[in-house]
Amino acid sequence: MNFLGAVGVWMDRRKEFEVTVAAETKMTEGAIGPTRTRESEALAADFVRLIARHLDGSFKLAGYLLADGGEAEDAMQEALTRAWRAWPRMREPERVGPWLDRIVANVCKSRISARRRVRHIVFDDDLEVIGADPFRTTLARDAVGRALVRLSPEQRVVVVLRYWRDMPLEQIATRLDLPLGTVKSRLHYALRVLAREIDR
């Protein structure tokens, strides 16, 4: 499956997500009155409508951060669940893109950190299964993609947003809710690590 195929699979998952949000809203109907039900349905409809515009970009962000399509799908499910639970407190719906990216980045950073605590078994090349994971394939194609695994989760997020999403540093700072100086520092040290890894 190529990258577009993976995005197509994600689009199908997005439809499943819309059904899940609608079902979750319906489940609350018995516990709340008719007025609250209409408010809940409107809240769910707004959530799906606004989030849907940003799902593809957020999925790509997760995929490049985690370098694994399957894990990116799991991270997106977790991020969307967190977003749905926090949605009633969302004060600026027009900023849903940066808000969702921040949630996705935090979920991915947690998953990357958890990987370091898991023991991995290395297989011989003869036993390696070649999957059709578009993110793994894309990142394995060049030295920079392969070197990304050497970065801390915080550095990796900044590098992916800067070079894979083509985002200016000011926008990265806004997306991650960080000072611009912190973003510049993380990028600077990340590029030093990448250069060192590539020169090996």
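The values are calculated or read from the model by the stated rules, or taken from the named source; none is laboratory data. Given the structure is predicted, the values throughout are model-derived calculations rather than measurements. Neighbour counts run over all protein chains shown; Cβ positions are idealised from the backbone, glycine included.
Reported count of residues in segment 126-156, each being modelled with pLDDT of 75 or more, touching a helix residue (DSSP H, G or I) at 6+ places or on another chain (Cβ under 7 Å) and part of a loop (DSSP other than H, G, I, E, B), is 1. Check whether at least one residue in segment 136-151 is crowded, with 20+ Cβ neighbours inside 10 Å and closer than 20 Å to Gly57 by Cα, and report yes or no. Looking for residues that are crowded, with 20+ Cβ neighbours inside 10 Å and closer than 20 Å to Gly57 by Cα, one finds at least one in segment 136-151, hence yes. For segment 169-200, a residue qualifies if it is touching a helix residue (DSSP H, G or I) at 6+ places or on another chain (Cβ under 8 Å), surrounded by fewer than 12 Cβ atoms within 10 Å (Cβ to Cβ) and without any contact (Cβ under 8 Å) to a residue 40 or more places away in the chain, and the qualifying residues are Glu170, Pro179.
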